[in-house]
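Reading through the structure tokens given below for one structure.
The values are calculated or read from the model by the stated rules, or taken from the named source; none is laboratory data. Just so we're clear, the structure is a prediction, and the values are computed from it rather than from any experiment. Cβ: placed from backbone, ideal geometry, glycine included. Neighbour counts: every protein chain shown. Only protein heavy atoms, including side chains, enter the accessible area calculation; ligands, DNA and RNA are left aside. Shrake-Rupley method; radii C 1.70, N 1.55, O 1.52, S 1.80 Å.
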Number of protein chains: 2
Amino acid sequence: MSWENNIRRVVPYVAGEQPQKQNVIKLNTNECPYPPAPEVEGVLRGFDCDTLRKYPDPDVQELREALAKRHGLDCGQVFVGVGSDDVLAMSFLTFFNSEKPVLFPDITYSFYDVWADLYKIPYECPPLDENFRIRKEDYMKENGGIVLANPNAPTGVCEAPSFFEEILRANSDSVVIVDEAYIDFGGESCVPLIERYENLLVVQTFSKSRSMAGMRIGYAMGSKKLIRFLNDVKFSFNSYTMNAVTIKAGVASVENEDYFKRITAKITATREYTKKRLAALDFVFPDSKTNFIFAAHQRVPAQELFDALRANEIYVRHWNKPRIADYLRISIGTDEEMETVLDFLEKYLKGKQKG
Amino acid sequence: MSWENNIRRVVPYVAGEQPQKQNVIKLNTNECPYPPAPEVEGVLRGFDCDTLRKYPDPDVQELREALAKRHGLDCGQVFVGVGSDDVLAMSFLTFFNSEKPVLFPDITYSFYDVWADLYKIPYECPPLDENFRIRKEDYMKENGGIVLANPNAPTGVCEAPSFFEEILRANSDSVVIVDEAYIDFGGESCVPLIERYENLLVVQTFSKSRSMAGMRIGYAMGSKKLIRFLNDVKFSFNSYTMNAVTIKAGVASVENEDYFKRITAKITATREYTKKRLAALDFVFPDSKTNFIFAAHQRVPAQELFDALRANEIYVRHWNKPRIADYLRISIGTDEEMETVLDFLEKYLKGKQKG
């Protein structure tokens, strides 16, 4: 015997590389290329640091109210956490608590199986179809919960709320989580379904469309009952997850809707331009409604392109996994960054043709 | 059947009240009465908010290095989380993973049983002796892990490292956590034992002695092996728990050792003065090495004093629980605050004698 026998042994999630060098083009973790709303800086500059000696508001009331107002919900329908990963980790712990398998696609956010393993939750992964679409009939069998990213990652494929409504109608016995980390780039949110399905939890984040990955804010929206259960577990884990500065910075971001609309529109426009250029270079990709494109070249292997890009200080994401090994996930950067990447790819591919 | 059947149902921890009114004397959550090191404000004022669009360093390298240096450890021996509650919650999940009961005293930090319940970890609570001391022989039986607060809360009683060494010697088969949230007010830390016991985890926090409860920083120190297991679980939960601003603010605090020494000495002096005054007013209390005093009056019930204080905008903590219902936990505030509280108690108790 040894103390090591009692350890929970897990294989952790591996996030995209965070190169410490400056002057790289970093398109590997779907960060926003633009700064947060200017009012966020105002919060840091004006923050009364003497108040840091006190615990923050454990109920995160101010930020929950701002989010509720923005989404046309009641404050009791909003839960806030340390990024959507924290919100999802708490949700798995709270809602997926049966012997039946939780369902999520074979190709999706690769944290879902890590959380399931962490909590020893059984799960099944119905395969996406050949176009990377979710087959909804796969989610109409007995289960201990469902989690679906919409748009899905790393594919970028987005479904309409009516699609999820069909799944919800068939699953009144389990909690259905729709992870909308990328919904603000042209998708249609499932939030309006909340009033009709008390077992629906919609998760969003400040890390992508609000340029605040560094601040760690995510949130969940659902029926008051669902949020109450989630809160009970959160308050059994850590009373104060959101620090005082983060709460105020989050409010500042939510209150500047104009800025939010402007930068999401800009990223969406850059994405549409990038799609055209990639198609012209013989890339194929599912139609993306996110701030990234999941693209495979018709002749050149993804690993080769990944290495060539990386050698030129351009970071994208590649998974050496079944079904997706041919693809690169390229985050949408500024127009200038995308121009550099596309020009590089154009030259590289032309060079190959000659060779 | 309903989705509610699959929910994890828990009774959450209840933190001390956070009155929103200004001008109250708040001595109920052991916060520090002084502001954080001035360099913390410098971090907020100078922070480059454009960088918030990027994820923070998931390894929290800079802060772990600062802490390692301060405690004479290697960076790989330090783990950082969102307050010591986050660190302890992760530690319970990581290390207390057997069928045997985890051991902690009947009177101690009331989050321990909440975490055990959350993860369905069996536990036993050997009673403290009549002087609120831990009986070390109670921790020399088979167990799935041990967690001991030193100094203990809410009693304030502190034991020497040699006391924990005896427990460690008898428990090479389980992880022993020493929760040192209050160690900086006169106790002697178990950190030097880390090099000899690879199953010892020592947890500390920025919330008390570093005046940063509002910033949410806690940390654990232990053998590299122990920290690696803890990291694996953390990276299976949330890759990025510490936001970019918090990391830099934490470093700024750690680097100002002079300020830290000055305010902890000041609080310790105020506590010693408070002890004398309380004793003169016929309070009894175990000798505290923390930033609070756990005091019972020899004639007047704690609930009555609690209510009288509260009616006068003075908040202290009271638990209506077996063995401790006679006690008030009074955090140490500024000299002025303590003077006000002590004067109030003096008058109140004199009024009763006459009455």
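Residues in region B:43-68 that are under 22 Å from A:ARG210 (Cβ atoms), without any contact (Cβ under 8 Å) to a residue 12 or more places away in the chain and in a helix (DSSP H, G or I) were compared, and the one that is most open to solvent (accessible area, probe 1.4 Å) is B:ASP50. Would you check if there is a residue in region A:284-304 being in a helix (DSSP H, G or I), of a type in the set (A, V, I, L, M) and closer than 30 Å to B:ILE247 by Cα? Within region A:284-304, none of the residues are in a helix (DSSP H, G or I), of a type in the set (A, V, I, L, M) and closer than 30 Å to B:ILE247 by Cα. Taking A:ASN243 as the residue in question, decide whether it is touching a residue at least 24 places away in the same chain (Cβ under 8 Å), within 9 Å of another protein chain (Cβ to nearest Cβ), open to solvent by less than 40 Å² (accessible area, probe 1.4 Å) and among the polar types (S, T, N, Q). Spelling it out, A:ASN243 is indeed touching a residue at least 24 places away in the same chain (Cβ under 8 Å), within 9 Å of another protein chain (Cβ to nearest Cβ), open to solvent by less than 40 Å² (accessible area, probe 1.4 Å) and among the polar types (S, T, N, Q). Taken across region A:76-92, residues that are outside any loop (DSSP other than H, G, I, E, B), modelled with pLDDT of 95 or more and open to solvent by 20 Å² or more (accessible area, probe 1.4 Å) do occur, with at least one present.
Residues in region B:168-191 that are surrounded by 21 or more Cβ atoms within 10 Å (Cβ to Cβ) and assigned to a loop (DSSP other than H, G, I, E, B): 7 in all. Every condition in (1) more than 10 Å from every other protein chain (Cβ to nearest Cβ); (2) without any contact (Cβ under 8 Å) to a residue 12 or more places away in the chain is met by A:LEU201 except one, and the failing one is (2).
All conditions but one from (1) within 10 Å of another protein chain (Cβ to nearest Cβ); (2) hydrophobic (A, V, I, L, M, F, W, C); (3) touching a residue at least 12 places away in the same chain (Cβ under 8 Å); (4) out of contact with any Lys or Arg (no Cβ under 7 Å at 6 or more places or on another chain) apply to A:MET90; the one that does not is (4). Among the residues in region B:204-219, are any aliphatic (A, V, I, L, M), crowded, with 23+ Cβ neighbours inside 10 Å and part of a strand (DSSP E or B)? Checked against the condition, which is being aliphatic (A, V, I, L, M), crowded, with 23+ Cβ neighbours inside 10 Å and part of a strand (DSSP E or B), region B:204-219 yields no hits at all.
If you go through region A:93-114 and keep only what is at pLDDT 95 or above, within 9 Å of chain B (Cβ to nearest Cβ) and either part of a loop (DSSP other than H, G, I, E, B) or open to solvent by less than 10 Å² (accessible area, probe 1.4 Å) (or both), you end up with A:LEU93, A:THR94, A:PHE95, A:PHE96, A:LYS100, A:PHE111.
Scanning region A:5-24 for residues that are at the interface with chain B (Cβ under 10 Å from one of its Cβ atoms) and either within 21 Å of the chain's Cα centre (by Cα) or open to solvent by 40 Å² or more (accessible area, probe 1.4 Å) (or both) yields A:ASN5, A:ARG9, A:VAL11, A:PRO12, A:TYR13, A:VAL14, A:ALA15, A:GLY16, A:GLN18, A:GLN20.
Regarding region B:293-312, can at least one residue be identified that is buried (at least 20 other Cβ atoms within 10 Å of the Cβ), out of contact with any strand residue (DSSP E or B) (no Cβ under 7 Å at 6 or more places or on another chain), at pLDDT 95 or above and among the β-branched types (Val, Ile, Thr)? Looking through region B:293-312, none of the residues is buried (at least 20 other Cβ atoms within 10 Å of the Cβ), out of contact with any strand residue (DSSP E or B) (no Cβ under 7 Å at 6 or more places or on another chain), at pLDDT 95 or above and among the β-branched types (Val, Ile, Thr). Against the condition away from every other protein chain (no Cβ under 11 Å), over 14 Å from the mean Cα position of the chain (by Cα) and either buried (at least 23 other Cβ atoms within 10 Å of the Cβ) or modelled with pLDDT of 95 or more (or both), how does A:ILE194 come out, does it pass? Yes. Does B:ARG277 count as under 18 Å from B:CYS32 (Cβ atoms) and open to solvent by 20 Å² or more (accessible area, probe 1.4 Å)? No; evaluated as a whole, the condition is false for this residue. Remark: B:ALA252 matches the filter, which requires a residue to be more than 20 Å from the chain's Cα centre (by Cα), more than 28 Å from B:LYS352 (Cβ to Cβ) and of a type in the set (A, V, I, L, M).
Summed over region A:305-319, residues that are touching a Lys or Arg at 6+ places or on another chain (Cβ under 9 Å) and in a helix (DSSP H, G or I) total 1. Hey, could you check region A:42-80 for residues that are within 14 Å of A:ILE247 (Cα to Cα) and acidic (Asp, Glu) and say which is nearest to the other protein chains (Cβ to nearest Cβ)? Taking the candidates together, the pick is A:ASP57. Residues that are over 26 Å from A:VAL43 (Cβ atoms) and not hydrophobic (A, V, I, L, M, F, W, C) do occur in region B:234-241, at least one of them.
Each residue in region A:25-42 was checked for being in contact with a Lys or Arg (Cβ under 9 Å, 6 or more places away or on another chain) and either open to solvent by 40 Å² or more (accessible area, probe 1.4 Å) or part of a loop (DSSP other than H, G, I, E, B) (or both), and 11 pass. Tallying residues that are aromatic (Phe, Trp, Tyr) and more than 30 Å from A:GLU272 (Cβ to Cβ) within region A:182-224 yields 1.
Evaluate region A:124-146: report whether one residue or more is open to solvent by less than 50 Å² (accessible area, probe 1.4 Å) and facing chain B (nearest Cβ under 9 Å). Yes - at least one qualifying residue is present in region A:124-146.
For region B:318-352, taking the residues that are closer than 17 Å to B:GLU272 by Cβ and acidic (Asp, Glu), the one that is least open to solvent (accessible area, probe 1.4 Å) is identified as B:GLU337. If the condition is being at the interface with another protein chain (Cβ under 8 Å from one of its Cβ atoms) and under 30 Å from A:PRO33 (Cα atoms), then region A:204-236 contributes A:SER207, A:SER211, A:MET212, A:ALA213, A:GLY214, A:MET215, A:ARG216. When B:PHE229, B:PHE237, B:PHE260 are checked against the criterion of being open to solvent by less than 10 Å² (accessible area, probe 1.4 Å) and not basic (Lys, Arg), a single residue qualifies: B:PHE237. In region B:320-355, of all residues being of a type in the set (Ser, Thr, Tyr) and part of a helix (DSSP H, G or I), the one that is farthest from the chain's Cα centre (by Cα) corresponds to B:TYR348.
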